[in-house]
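Just so you know, all these numbers are worked out from the coordinates, no wet-lab data involved. The shown structure was predicted, so the numbers you read here are calculated from the model rather than taken from an experiment.
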Amino acid sequence: MKHRIVLLGPPASGKGTQAELITARYGIPVTSSGAVLREEKRRGTPLGLEADKLTSQGKLVPDEIVIELMSHWLERHGDAWIFDGFPRSVPQAEALERLLAQQGTPLDVVLALQADLATLQQRVTSRLVCSQCGLIVSAGLHVASVDAPCPRCGGALTRRNDDTLETLSERMREYAEKTEPLVEYYEQRGLLRTIDSAGVPDAVFQQVAAILES
Ligand code: AP5
Ligand code: MG
């Protein structure tokens with residue numbers, strides 16, 4: 001069983017959705033660098049407010065900030081985890097490799113989720129997030145509209161402020177320039193597995209589960 005997992009993939013490819021399914025099935029804890037940055041913003045910390053300026057324009061946050069946040073999380077967790085959206089650049093991947101080498105807990109697998117641009121656009125414009133429990137849902141798939149209550153806790157559903165088509169194109173540019181080189185980086189290390197993320201969440205999860213259990 002693989003239990004040290006990185007989820008790689010363009011915006012709205014389903015990283016958060018699959019992370020939640022992996023945690024529910026196998027109990028492996030997850031951290032999402034994007035979610036951590038949004039939580040910092042919600043708490044009104046200087047770091048959160050600074051990061052929000054960049055994320056709302058679709059830009060990546062500087063490597064040093066993200067590496068620091070993620071290494072703190074790693075210190076507090078054991079030897080099984082999922083990173084959703086981290087690393088996102090070669091310097092971040094090198095930093096993670098160093099941290100894991102120090103701990104003697106190497107990465108088991110990198111799951112690269114793939115979906116075409118039309119699918120990503122559709123998912124970005126349909127995404128809703130529960131303001132109370134953080135559940136990610138899709139309008140038209142899990143709930144009828146933004147006015148519906150969260151299906152898990154009844155909280156209010158909201159839209160992310162980077163979920164517009166304009167911001168998506170900038171996020172895609174950043175992805176192509178800084179994150180896509182990680183596909184080759186992890187391929188060279190024999191860690192990369194590709195997932196077709198175009199199907200419904202359960203169909204995608206079947207591919208994920210088969211790899212994790214192999
Ligand atoms: P982050 O929050 O990680 O955003 P992202 O990479 O753009 O990915 P998303 O969260 O948008 O998509 P996802 O792949 O998780 O898809 P989801 O499961 O929600 O980061 C936000 C920002 O923070 C970045 O742009 C950057 O500025 C900054 N940041 C974060 N990490 C950083 C780092 N390491 N370094 C520097 N900066 C960093 O699914 C999307 C929607 O589709 C949902 O509504 C879901 O219900 C639906 N859906 C999912 N799967 C399916 C399916 N199979 N079929 C139908 N619908 C589906
Ligand atoms: Mg996400």
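Which of Glu64, Glu170, Glu20 moves the most in a Gaussian network model of the chain with Cα springs under 10 Å?
Looking only at Glu64, Glu170, Glu20, the biggest GNM fluctuation is shown by Glu64.
³J(HN,Hα) across the range 20-37 via Karplus (A = 6.51, B = -1.76, C = 1.60, θ = phi - 60°), whole Hz, x for Gly/Pro?
Using θ = phi - 60°, the values come out as 4, 5, 5, 4, 5, 7, 10, x, 7, x, 10, 10, 10, 4, x, 5, 4, 5 Hz.
Taking amide hydrogens as modeled 1.01 Å from N in the peptide plane, which residues meet the under 5 Å criterion relative to Ser32, leaving out close sequence neighbours?
Those qualifying (amide H under 5 Å, at least 5 residues apart or on another chain) are Asp84.
Residue-wise, which Karplus ³J(HN,Hα) couplings in Hz belong to the range 175-191, taking 6.51 cos²θ - 1.76 cosθ + 1.60, θ = phi - 60°, and x for glycine or proline?
Listing the rounded values in order: 4, 4, 6, 9, 9, 4, x, 5, 4, 5, 3, 7, 5, 4, 8, x, 9 Hz.
Rule-of-thumb check for the range 49-142: C-alpha Rg over 2.2 N^0.38 Å?
Ratio of Cα Rg to 2.2 N^0.38 Å: 1.29.
Apply the Karplus parameterisation 6.51 cos²θ - 1.76 cosθ + 1.60, with θ equal to phi minus 60°, to every residue of the range 93-107 and state each ³J(HN,Hα) to the nearest whole Hz, in sequence, with x for glycine and proline.
With coefficients 6.51, -1.76 and 1.60, one gets 5, 5, 5, 4, 4, 5, 4, 6, 5, 4, 7, x, 10, x, 5 Hz.
With the contact rule set at Cα under 8 Å and sequence spacing of 6 or more, what percent relative contact order holds for the range 64-214?
After rounding, I find 27 percent.
If you average the alpha carbon positions of the range 98-172 and of the range 9-70, how far apart do those two centres end up, in angstrom?
Measuring centre to centre over Cα atoms gives 10 Å.
Among the lysines, select those whose C-alpha is under 18 Å from the C-alpha of Lys53, and discard any that sit fewer than 8 residues away in the same chain.
Lys41
How big is Rg to Rh over the range 35-87, alpha-carbon atoms, Rh as the Kirkwood inverse-mean-distance radius?
Reported Rg/Rh, Kirkwood definition of Rh: 0.98.
Using the alpha carbons of the chain, what is the convex hull volume per residue in cubic angstrom, as a whole number?
Dividing the Cα hull volume of the chain by its residues yields 118 Å³.
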